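Input: a single structure, listed below in C-alpha cells.
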Amino acid sequence: MAQNHTTDPSEVRALNSIFEQWDMQAMPRLWNISGDPCSGSALNGTEFEGPANPSIFCDCTYEKNTTCHITKLRVFALNKRGVFPQEFVALRYLTVLYEVFPTPSLLFGLSQFTFSYRRHRVIDQNYFTGPLPAFIGNMTALTSLSIAQNSFSGPIPKELGNLKELTLLSFGSNNFSGTLPPELGNLVKLEQLYIESCGLSGEIPSTFAKLINMQTLQASDVAFSGKIPTFIGNWIKLTELRFQGNSFEGPIPTSFSQLTSLNALRISDISNVSSYLDFIRNLKNLTELVLRNALINGSIPSDIGEYQSLVTIFLGNNSLSGPLPSQKSNLLQTIDLSYNYFSGSFPPWVNTTSQLNLVVNNFTFDSSNITSLPGLNCLQRNFPCNQNTPLYTDFSIKCGGPQMRGNDGILYEAEDSALGPATFNVPITQKWAVSNAGFVYGTLDQSFVKTSHMQVSGTDVTPKLFETSRQSPGSLRYYGLGLQNGPYTVTLQFAETVFVSRTNQTWQSLGRRVFDIYIQGNLIRKDFDISKEAGGVNIAVARPFKVNVTENYLDIHLFWAGKGTCCIPELGDYGPLISAVHAASDTPTTPGKKSRIGLIVGIAVPVGVVILLLLFAVLYMRRKTSEKDDNEDLLGLGPRLNTFSYAELRAATKDFNPSNKLGEGGYGPVYKGTLSDGRVVAVKQLSVASHQGKSQFVTEIAMISAVQHRNLVKLYGCCIEGTQRILVYEYLENNSLDQALFGRNDLHLDWPTRFNILLGTARGLAYLHEESRPRIVHRDVKASNILLDAELSPKISDFGLAKLYDDEKTHISTRVAGTIGYLAPEYAMRGHLTEKADVFGFGVVALEIISGRPNSDNNLDPEKIYLLEWAWTLHENDQSLGLVDPRLTEFDENDATRLIKAALLCTQASPMMRPSMSRVVAMLSGDIEASTVMSKPSYLTDWHFQDVTTTTSSFMPDDDTSESIVVHK
C-alpha cells in the first residue's frame, strides 16, 4: 500500500544528525525502508520494544493524515557514546519514552501476579557523558524521560521543572552532582521517580510536597541528608518507597501511617533519632517491609497477623524487643529479625516459616525448643556454645563453595549450603557459622552464590578459590565459635568477578559494589570497594586484620549499607562478595602442651587446695573471703564482660595522667585512654575515698550489661585486679551535655540538635523503664549524666545509682542518691522511688536544654534564680516562649511550646500526675498532644527556697554509711 504521508523534514534532519553523532543506523527492513523514517514498524509500533533497536514510533494523524511526527525514540543498551545533542529540541512531539505494563512474577513458590515495570528506555544503558543540557526543558511534550545507567555528570538542570506533562522521570546510575532542583516540585503529574545512585546529595526540597500523584519513589544510594520529609505522608497514592543508603536522620515520620496504598516500603540506615513501628498499623496492603538498621525500638505490633498481603519482613539490626508475635499470615514466609533483643518462647509458626533468621537475640532454649531452629542456640547474644571450654584456635571457610586446600596449605571448609534470604547455618562441629539476611527484589534467583570462569590473578593466590564466591544483598556474617581467647589475625579474600573493568567505558562498567566490614562489632572498613582495593576486576586481594577474641567467639560482618549500584550488569549484582575467610590465633602453641598442663594441674591442684585452705584459715580468711565475694559478684552477672588488666589500663591512660582526666564522677576520676587495638575509651576509676562502695560498682556493671540501647553509654568491660575496680566505657567525643550548654562555647547546639538530644534522652529512659529486663530506675538524671557523641546524639551515663524495681511495686529507699535540683520531692523527702523520679529529673533537664541555663543560678535576677519557678511564672503569664535560650536565633515555636508543656508535666508534685517516659516520647514526637498542665506544684508554692548551691546535705543515713547529695554547678 502506497504511503500518503511524510515525516516532518525538520525532525528528519534532527534524527539523522542524532544518529550520526551517536554512530547509529536504522534497523534494516524494519523502519526507514523507503527513506522516510516513519515507515514500517515505526507506524504500527509492534517492534518498538522488540528487536528494532534503535527504534522510533510515529503518529501520522496530523494535517489530515499527511504529516508524521516522531513520538517515541529508543536507543537501549547499545553502549553508544557521546553527549545529549541539541537536535532533540526539534523533536517537539516526542512524548512517550517510557511505558509500563504488568508482568507475572513468582515469589518463593507462591504464584501470584505483581506489577513490575518494564521500561521503553530512550537512551538507558549506554555510555553517554557530559551534562544534561538546559534545553531539555523545551521538550514540553514529554510524558516520560529515562536516561538511567549512563555517565552523565554535572547538576540536574532546573529547566526539567518545565516538563509539566511528565508522569515518569528516571536518571539513576549516573554521575550527577549537586542537589535536587526545587523546580522539580512543579512536576505535579509525576507518578514515578527513579533516581538511585544518581550522585546527588542535600535535602529533598520542600516543593516536592506538591507531588501528591506520586506512586513510586526509588531513591536509594543518594546522599540525602536531614530528616525524611513529613509531607511524603500526604502522597496517599504511593505504592512503593525506597530510601536505603541515604544519610537521613530519624525518626521515620508518623505521617507515613496515612500511606494506606503502600505495597513496598524499604528504609534503612537511619541515624540519630529512633522510631517505633506504630506508623505501620494502618498499612495493611504491605507486601514488603524492610526497615533494616533504622533505629527501630519497641515491639512488633501484636496484630501483624492481620497483614494478609505481607510476604517479606526485614527488621534486622534494630533494638526491637519483647516476644515474637503469636500469629502471622501464611503468605509471610521470609522474616529477618536478627540482631535485636527479642526474647521469650517460640510461637508455632516458627516451625513452618521457610525463611527465618533470629540470630543474636535474647531467646532462651530448653528441651522444648532447641530443635526448632538447629544451631540458633549458639548464635544468641552471649554466644554460649563452647564458651567456657574453648576448643579451637583457628577456622577457615571457602565461602559459597566446596572444601579445598589453598596454595598456602590452608584447608578451607565447605560453606556451600543453600543459604536463602533470611537464614543461617551452624555446622555440626559448632566451630563456625554463617548468617545471611537480604532479598533481591524482582528476581527468582535467590541463590547468593556467584560463579566465575574467568582466571583470577594476583600474588600467591589459588585461582580455584575464586571460582565461587558468596554474595549477599544485605548482611553476611561469619562466626568463629568456641575459640580460645587472645589475639587473632583474620584474613578476608576478595575478588570482583561479577563486574567488568571500569576502563571499558560501557554501561556494564558503571557497576559499583560498596559495603562495610565490621569485626567484633567495630567498623574496620567503610565503603569497601573490591575492584578499587585490588586495582581492577578478576584480581585477588587479601586483607588481614588484627583482632582480639575475649568472649570465645569471633564476629565478621560484611554489611551492605544501601550504597553502590543495584542492577548493573544484572538485577541483584550488589552487596558483599567474598571468596574465603581464615582466622588464626597469634598465640604460639606447643604440641602436647595441653596434656602436660593437664598432668601438672592434676597433681598440683590437690596440694594447692590444702595449702590455700591452711592460709585462709590461719592468716587471710576474712580478707580473702571479702575479695572473693566481690569478684564472684562481678563475674557472676550472666554473659561475661571483657576484662582488662590494670597494666593495660595504666598504659592506655598514660599512668592515669591528669592531662587525660575527663572529669570526676560519683566513683572518682574518669580518664581518656587509648587501648592497644586503637579504640579510644573512657576509663572510670573507683576512688578509695568514694562513698559508693564495691557493691554499687557491682550494681553498675549488672545494670549496664543487662541493657543495650543507642541512647545508653556502652560498657566495654572492667578491671577487677586486686583491689582495683575500674569500668571501661565507650568514649564520647563531646563530653557531657552540661558542658555543652553551660560551660563550653565551641559547641553550638541549635534548635534541631537540642530537640534531638531531648528526644534521644527520653527514648533511652523509656527503654530503661519499660522495655529492658530487668526494668531500671536511673535515680540521677541530670545534664552531666547525658553524654554527647561525635554526631551530638545523647547517651545516658552513670548507672551507679540505679535501682531495680518490680513491675507492680514501688520502693522505699533507705538511702537517697541523686543531685539537688533534679530530685523528685517524694524521693528527696520520703525515699519513695519509682520511675517517676526519673521523669521529674528529665523534666528539669528539658527546661535546661530549652533555656540554655542550669536549674539554679545566683547570678540572675531573684525571680529567675530557680529555673522551675521562673518557668512556671512565665507559663502562668502566657509567656512560656520567654524561657527559650536567647542564643537560639531560630527555633520552632510550636515545638518549643510543646516541649515546655511536656517538661512542666514531668515536674508535677504528684508522681501520679507525671506522664510515663513512653508518653513523653510520644508528646515530643507530636504523636499525641500534651495533657493540660495543672496549677503550679505545691513544692514551689509551699516551700521557702534558700540557696543550697554551696552546701552538702545528707539524707536518710543507713547503718554503715551516709549518702551525700551534692549540687553540681
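Could you please let me know if E240 is of a type in the set (D, E), surrounded by fewer than 23 Cβ atoms within 10 Å (Cβ to Cβ) and farther than 24 Å from P301 by Cβ? No, not satisfied.
Filtered by the rule that a residue be touching a Ser or Thr at 6+ places or on another chain (Cβ under 9 Å) and closer than 21 Å to S275 by Cβ, segment 763-787 gives R763, A766, Y767, H769, E770, E771, S772, I786. Scanning segment 187-210 for residues that are surrounded by fewer than 19 Cβ atoms within 10 Å (Cβ to Cβ) and touching a helix residue (DSSP H, G or I) at 6+ places or on another chain (Cβ under 7 Å) yields a total of 5.
Residues to consider are L476, L483, L510; find the one that is within 30 Å of the chain's Cα centre (by Cα), under 15 Å from H582 (Cβ atoms) and buried (at least 22 other Cβ atoms within 10 Å of the Cβ). Exactly one of L476, L483, L510 is within 30 Å of the chain's Cα centre (by Cα), under 15 Å from H582 (Cβ atoms) and buried (at least 22 other Cβ atoms within 10 Å of the Cβ), namely L483.
Listed here are the residues, each with its yes/no results for (1) at pLDDT below 85; (2) in a loop (DSSP other than H, G, I, E, B); (3) among the charged types (D, E, K, R); (4) surrounded by fewer than 20 Cβ atoms within 10 Å (Cβ to Cβ).
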{"site": "E47", "(1), (2), (3), (4)": "yes, yes, yes, yes"}
{"site": "P51", "(1), (2), (3), (4)": "yes, yes, no, yes"}
{"site": "L73", "(1), (2), (3), (4)": "no, no, no, no"}
{"site": "L94", "(1), (2), (3), (4)": "no, yes, no, no"}
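Quick check, is S247 modelled with pLDDT under 95, surrounded by fewer than 20 Cβ atoms within 10 Å (Cβ to Cβ) and touching a Gly at 6+ places or on another chain (Cβ under 7 Å)? Spelling it out, it is not the case that S247 is modelled with pLDDT under 95, surrounded by fewer than 20 Cβ atoms within 10 Å (Cβ to Cβ) and touching a Gly at 6+ places or on another chain (Cβ under 7 Å).
Considering segment 404-447, the qualifying strands (runs of 3 or more DSSP E), each wholly inside and each with 1 or more residues that are crowded, with 21+ Cβ neighbours inside 10 Å and of a type in the set (S, T, N, Q), run over 422-425, 432-437. For segment 449-473, residues that are within 22 Å of V360 (Cβ to Cβ), buried (at least 24 other Cβ atoms within 10 Å of the Cβ) and of a type outside the set (S, T, N, Q) total 1. Looking at segment 224-293, none of the strands (runs of 3 or more DSSP E) lying wholly inside it contains 2 or more residues that are under 25 Å from P794 (Cα atoms) and without any contact (Cβ under 8 Å) to a residue 40 or more places away in the chain. Among the residues of segment 510-549, those that are touching a residue at least 12 places away in the same chain (Cβ under 8 Å) and either small (G, A, S) or in the same structural domain as E196 (by TED's automatic domain parsing) (or both) comprise G511, G521, S531, A534, G536, A540, A542.
Taking the conditions (1) in contact with a Gly (Cβ under 7 Å, 6 or more places away or on another chain); (2) part of a helix (DSSP H, G or I) in turn, D885 satisfies each one other than (2). Exactly one residue out of T423, T393, T389, T371 is among the β-branched types (V, I, T), at pLDDT below 90 and in the same structural domain as D460 (by TED's automatic domain parsing): that is T389. Determine whether N293 is on the phi > 0 side of the Ramachandran plot and of a type outside the set (V, I, T). Yes; evaluated as a whole, the condition is true for this residue. Residue count for segment 525-548 under the criterion of being within 26 Å of the chain's Cα centre (by Cα) and part of a helix (DSSP H, G or I): the result is 4.
For (1) assigned by TED's automatic domain parsing to the domain that holds A540; (2) assigned to a loop (DSSP other than H, G, I, E, B); (3) touching a helix residue (DSSP H, G or I) at 6+ places or on another chain (Cβ under 8 Å), each residue gets a yes or a no:
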position	(1), (2), (3)
K450	yes, no, no
Q455	yes, yes, yes
V461	yes, yes, no
K464	yes, no, no
S469	yes, no, no
P473	yes, yes, no
R477	yes, no, no
G480	yes, no, no
P487	yes, no, no
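The condition of being touching a strand residue (DSSP E or B) at 6+ places or on another chain (Cβ under 6 Å) and modelled with pLDDT of 85 or more does not hold for L792.
The values are calculated or read from the model by the stated rules, or taken from the named source; none is laboratory data. All of these numbers come straight from a predicted model, not from anything done at the bench. No Cβ is skipped: glycine too gets one built from the backbone with ideal geometry, and neighbour counts run over all protein chains shown.
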